[in-house]
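See structure below.
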Amino acid sequence: MPNPDPGGHWGEFGGRFVPEALIAALDELERAHTEALADPDFTAELDALGREYGNLPSPLYLAERLSQEAGVEVWLKREDLNHTGAHKIRNVLGQALLTKRMGKRRIIAETGAGQHGVASATAAAYFGLECTVYMGEEDTRRQALNVARMRLLGAEVVPVTTGSRTLKDAMNEALREWVATVDTTHYLIGSVGGPHPFPQLVRDYCRGIGDEARAQFLERTGALPDVVAACVGGGSNAMGIFTAFLDDEDVRLYGFEAGGDGYDTGRHAATITAGQIGVLHGARTFVLQDEDGQTIESHSISAGLDYPGVGPEHAHLAATGRAAYEPVDDAEAMAALEKLARTEGIICAIESAHGLAGALRLAKSLQPGSRVLVNLSGRGDKDMGNVVEYYGFDAPADKGDH
Amino acid sequence: MRTAEAFAKTGAEGRAALVGYLPAGFPTLADSIKAVDIMIDHGADLIELGLPYSDPVMDGPAIQKAADRALAAGFRTRQVFEVTEAVAGRVPILVMTYWNLVERYGVDRFAADFAAAGGAGLITPDLIPDEAAEWIAASDAHDLDRVFLVAPSSTEERIASTVAACRGFVYAQSVMGVTGARAATSAAAPELVRRTRAHTDLPIGVGLGVRSGDQAAEIGAYGDAVIVGSAIVNCYLDAEDVPTGHQRLAELTADLAAGVRR
């Protein structure tokens with residue numbers, strides 16, 4: 001398994017750019033995580049939890065009608081069928097079990113789309129932990145249903161009113177709260193970003209996606225996929241599916257970032273494509289930033305990809321060329337979402353639609369019959385408001401055939 | 001002026017130094033220069049200029065609001081050198097900055113331009129010595145002080161390695177929390193200063209939450225410097241206009257300066 005150096009660096013990326021006050025907690029977390037993964041009781045408990053509670057392993061599904069249209073075999077890793085509707089349940093069950101093991105009784109989390117907040121609140125309910133979720137005020141409006149879910153699950157949702165009032169500001173607030181409560185509280189970070197050991201730790205809990213998919217693929221086809229594709233915001237679902245394939249040199253890895261209004265408009269969240277190295281939220285990585293290093297607001301129709309940074313391991317995979325990263329704009333993602341709905345009867349999350357759209361675009365340049373594995377990281381129920389708004393489905397006459 | 005000179009003076013007077021913090025460019029660029037002059041006129045021994053940043057995770061609402069205002073008014077990193085140049089000479093001028101801004105400007109270039117402006121050193125709240133190789137080299141090359149933080153949660157080992165990397169003074173974050181979060185009295189602060197002193201002869205500054213001369217006197221009894229930030233920013237945030245803010249700052253600084261002389 002490709003781990004970072006002892007300081008948490010992958011090449012020039014990663015590390016710890018946080019106040020000294022947090023270092024002891026990060027050291028403790030690193031120790032606890034390493035010991036937990038080496039403890040058969042812990043891994044057995046986590047596996048059982050995933051199976052019986054999380055609905056894992058998720059199915060691998062050959063999307064036949066979609067494949068006919070695409071001219072390549074499109075295989076979907078159905079993370080949308082997991083409990084809480086996304087890959088994120090893997091991360092939160094792992095970290096919540098680790099929280100319990102560390103003797104802490106409270107978790108805090110940041111959330112963009114609300115999916116990680118719902119997953120965190122779910123895990124907190126399951127384990128009987130207190131839970132506070134920080135969510136940009138702008139996002140609480142965009143994703144009101146998820147706010148209701150979190151509150152129903154017993155979590156406190158704190159709307160964040162600083163800065164751009166989105167995911168990055170929610171992360172700032174969670175980090176501030178963590179500094180003040182670190183003795184009793186675990187920061188259950190939602191993606192493969194942040195200071196070491198978070199990027200590695202979250203990847204370790206999400207990598208089951210790729211471990212399962214690789215085995216399922218071999219069993220079903222006797223071979224490995226030609227391409228593995230996933231959407232990339234912070235990058236947890238992508239690292240989750242990429243990790244198992246990193247050593248398979250013939251498997252091409254593609255991450256699709258949010259192109260927003262179009263990469264050339266400057267209104268996007270395509271952090272790696274933009275290519276500016278910086279330090280944000282505790283790690284050196286690619287950051288959307290201005291000439292001075294002030295963070296630039298990202299833009300995407302997908303709240304879950306609307307983040308101006310990216311996990312440092314992705315930055316490293318991009319810099320070394322092991323994975324390729326390309327932008328997919330809002331329109332292309334929404335077209336893929338609709339195509340999947342109409343060919344397969346699957347309504348995926350707008351985040352996941354970015355990965356699918358990128359894969360369908362890539363399919364045009366692949367040999368016919370190539371096998372493409374797409375991580376369908378989440379389901380689309382939460383996004384119906386955006387879909388209605390985007391397609392005008394709420395208009396008096398059905399404009400579905402636009 | 002060098003940091004060590006200021007501490008030599010306050011040490012000789014048998015008192016703690018008063019360190020005043022204000023973001024450069026707040027309340028305006030010109031008024032941030034005026035505000036620093038007011039602080040020096042009324043007894044500040046060192047000045048910390050904040051470099052406004054979009055994502056200040058160590059700071060509470062007051063300092064973030066001030067930074068946001070400076071950025072909204074178009075503040076640019078290079079302007080911190082203008083402010084430094086305008087106020088340098090009488091007391092040491094340090095810049096407190098989140099690391100990305102320095103890295104983006106170019107670490108060595110930042111050090112060179114800051115030293116040329118008459119700056120004394122940097123305080124780096126989100127840079128630990130473990131990640132600071134480039135800054136340590138640049139600060140050596142340009143003869144700048146480097147102030148890293150220690151915290152109540154720091155192990156003995158980390159306190160030792162952190163103070164070994166410091167030059168000028170050591171910044172003791174006295175409570176686990178963001179700037180301005182709570183009252184200055186903290187049981188953790190004297191203990192942290194005691195633990196830190198066991199590892200270094202450098203002066204130890206105590207930050208976070210000081211609002212009055214009385215609190216400054218209390219911290220000055222065990223710390224070598226009393227660092228005041230949010231209360232200074234609040235002089236302007238709470239004031240109806242900038243002249244009123246200047247007036248409040250003059251009064252607050254005089255009170256704090258009397259506190260460290262008790």
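The values are calculated or read from the model by the stated rules, or taken from the named source; none is laboratory data. Values in this document were obtained by computation on a predicted structure and should not be read as measured data. As a convention, Cβ positions derive from the backbone with ideal geometry for all residues, glycine included, and neighbour counts pool all protein chains shown.
Annotations
- Sole exception among (1) under 19 Å from the mean Cα position of the chain (by Cα); (2) in a helix (DSSP H, G or I) for A:Pro195, by number: (2)
- The range B:30-81, residues that are under 16 Å from the mean Cα position of the chain (by Cα) and on the phi > 0 side of the Ramachandran plot: B:Gly43
- Candidates A:Gly194, A:Gly233, filtered to the one that is surrounded by 24 or more Cβ atoms within 10 Å (Cβ to Cβ) and on the phi < 0 side of the Ramachandran plot: A:Gly233
- Residue in the range B:27-56 that is nearest to the other protein chains (Cβ to nearest Cβ), counting only those that are closer than 14 Å to B:Thr179 by Cβ and in contact (Cβ under 8 Å) with a residue 60 or more places away in the chain: B:Gly50
- Per-region count, the range A:148-161, residues β-branched (Val, Ile, Thr), crowded, with 19+ Cβ neighbours inside 10 Å and in contact with an Asp or Glu (Cβ under 9 Å, 6 or more places away or on another chain): 1
- Condition met for B:Arg2 (modelled with pLDDT under 95, away from chain A (no Cβ under 14 Å) and out of contact with any Asp or Glu (no Cβ under 6 Å at 6 or more places or on another chain)): yes
- If you filter the range A:15-63 down to residues that are of a type in the set (Lys, Arg) and within 30 Å of B:Ala132 (Cβ to Cβ), you find that the one that is farthest from the other protein chains (Cβ to nearest Cβ) is A:Arg31.
- Residues satisfying the stated conditions in the range B:92-108, i.e. surrounded by fewer than 24 Cβ atoms within 10 Å (Cβ to Cβ) and more than 13 Å from chain A (Cβ to nearest Cβ): B:Asp108
- Within the range B:59-69, the set of residues being surrounded by 24 or more Cβ atoms within 10 Å (Cβ to Cβ) and either within 12 Å of chain A (Cβ to nearest Cβ) or among the hydroxyl-bearing types (Ser, Thr, Tyr) (or both) comprises B:Asp59, B:Ile63, B:Gln64, B:Ala67.
- Helices (runs of 4 or more DSSP H) lying entirely in the range B:153-262 (those with 1 or more residues that are touching a residue at least 40 places away in the same chain (Cβ under 8 Å), touching a strand residue (DSSP E or B) at 6+ places or on another chain (Cβ under 6 Å) and farther than 29 Å from B:Asp68 by Cβ): B:156-165, B:188-197, B:213-220, B:242-260
- Test: residue in the range A:162-173 that is away from every other protein chain (no Cβ under 11 Å) and of a type in the set (Gly, Ala, Ser): yes
- Residues in the range A:362-390 that are among the basic types (Lys, Arg) and either surrounded by fewer than 17 Cβ atoms within 10 Å (Cβ to Cβ) or within 21 Å of the chain's Cα centre (by Cα) (or both): A:Lys364, A:Arg379, A:Lys382.
- Condition met for A:Leu66 (touching a helix residue (DSSP H, G or I) at 6+ places or on another chain (Cβ under 6 Å), away from chain B (no Cβ under 14 Å) and in contact (Cβ under 8 Å) with a residue 12 or more places away in the chain): yes
- When the strands (runs of 3 or more DSSP E) confined to the range A:221-323 are screened for residues that are within 15 Å of A:Gly194 (Cα to Cα), those reaching at least 2 such residues are found at A:277-280, A:283-286.
- Unmet requirement for B:Asp140, which otherwise passes all of (1) over 27 Å from B:Leu101 (Cβ atoms); (2) out of contact with any strand residue (DSSP E or B) (no Cβ under 8 Å at 6 or more places or on another chain); (3) modelled with pLDDT of 95 or more; (4) away from chain A (no Cβ under 14 Å): (1)
- Within the range B:149-164, the set of residues being more than 20 Å from A:Val182 (Cα to Cα) and either in contact with a Gly (Cβ under 7 Å, 6 or more places away or on another chain) or more than 10 Å from every other protein chain (Cβ to nearest Cβ) (or both) comprises B:Ala160, B:Ser161, B:Val163, B:Ala164.
- Residues satisfying the stated conditions in the range B:110-135, i.e. part of a helix (DSSP H, G or I) and within 13 Å of chain A (Cβ to nearest Cβ): B:Phe110, B:Pro129, B:Asp130, B:Glu131, B:Ala133, B:Glu134, B:Trp135
- Looking across the range A:92-117, the residues that are at pLDDT below 95 and within 18 Å of A:Gly240 (Cβ to Cβ) come down to A:Thr111, A:Gly112, A:Ala113, A:Gln115, A:His116.
- Filtered residues of the range B:44-85 (kept if over 23 Å from B:Glu5 (Cβ atoms) and among the aromatic types (Phe, Trp, Tyr)): B:Tyr53, B:Phe75
- Residue match in the range B:4-22 (condition: surrounded by fewer than 24 Cβ atoms within 10 Å (Cβ to Cβ), of a type in the set (Val, Ile, Thr) and on the phi < 0 side of the Ramachandran plot): yes
- Residue, nearest to the chain's Cα centre (by Cα), within the range A:297-328, restricted to residues that are surrounded by 24 or more Cβ atoms within 10 Å (Cβ to Cβ) and charged (D, E, K, R): A:Asp306
- Residue in the range A:24-33 that is hydrophobic (A, V, I, L, M, F, W, C), closer than 30 Å to A:Ile272 by Cα, surrounded by fewer than 19 Cβ atoms within 10 Å (Cβ to Cβ) and not assigned by TED's automatic domain parsing to the domain that holds A:His354 present: no
- Inter-residue pairs, beta-carbon under 9 Å, first among the acidic types (Asp, Glu) and in the range B:73-99, second assigned to a loop (DSSP other than H, G, I, E, B), 6+ apart: B:Glu82/B:Ala24; B:Glu82/B:Ala117; B:Glu85/B:Ala117; B:Glu85/B:Gly118; B:Glu85/B:Gly119
- Filter result for A:Arg176 (basic (Lys, Arg), touching a helix residue (DSSP H, G or I) at 6+ places or on another chain (Cβ under 6 Å) and surrounded by 20 or more Cβ atoms within 10 Å (Cβ to Cβ)): no
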